[in-house]
Amino acid sequence: MADARVIQVSAAIAFRDGKLLITQRRPNDHLGGLWEFPGGKREPAETFEECLRRELREELGAEFEVGALFDEVTHAYPEKTVHLKFYLCHWQANEPQPLHCHAVAWIKPDELGCYAFPAADAMLVKKLRADVTLWR
């Protein structure tokens, strides 16, 4: 059984035309203003994949095919611990819109370093910067 104090999160690694989808957290949210990979908290009895499809619909109004697990990390912030699962996703329909986030961006590999991400995403950002084949 999962630790109730650990927040379970699904997030998308979605590429399109050589660009990666990222979203900006709303200013008043935890870690407000930072950029992240779209997704959100898993509900009880929901798989990580179901969570991600739901969150992408709610947060961005877009449909994505959720593919393989790409990476996962558990990170302890002073106020909470998060367990993130990052899935490779393919955009299918409806252009992503900032419905429940501050902004949406499709960025090129050389732009990744221009955005500030939460500490929990640091290793993933390194992996994405190091493997340009993912961006094709």
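The values are calculated or read from the model by the stated rules, or taken from the named source; none is laboratory data. Since the model is a prediction, treat every value here as computed from it, not as a measurement. With ideal geometry, Cβ positions are generated from the backbone for all residues, glycine too; neighbour counts draw on all protein chains shown.
Couple of notes before you dig in:
- In summary, strands (runs of 3 or more DSSP E) completely within the stretch 38-136 and bearing 1 or more residues that are in contact with a Cys (Cβ under 6 Å, 6 or more places away or on another chain) and touching a residue at least 24 places away in the same chain (Cβ under 8 Å) occur at 63-76.
- Residue check: residue 82 meets all listed conditions (1) crowded, with 17+ Cβ neighbours inside 10 Å; (2) under 24 Å from residue 17 (Cβ atoms) but one, namely (2).
- Boolean, residue 131 is over 18 Å from residue 10 (Cβ atoms), modelled with pLDDT under 95 and out of contact with any helix residue (DSSP H, G or I) (no Cβ under 9 Å at 6 or more places or on another chain): yes
- Test: residue 95 is surrounded by fewer than 18 Cβ atoms within 10 Å (Cβ to Cβ) and modelled with pLDDT of 95 or more: yes
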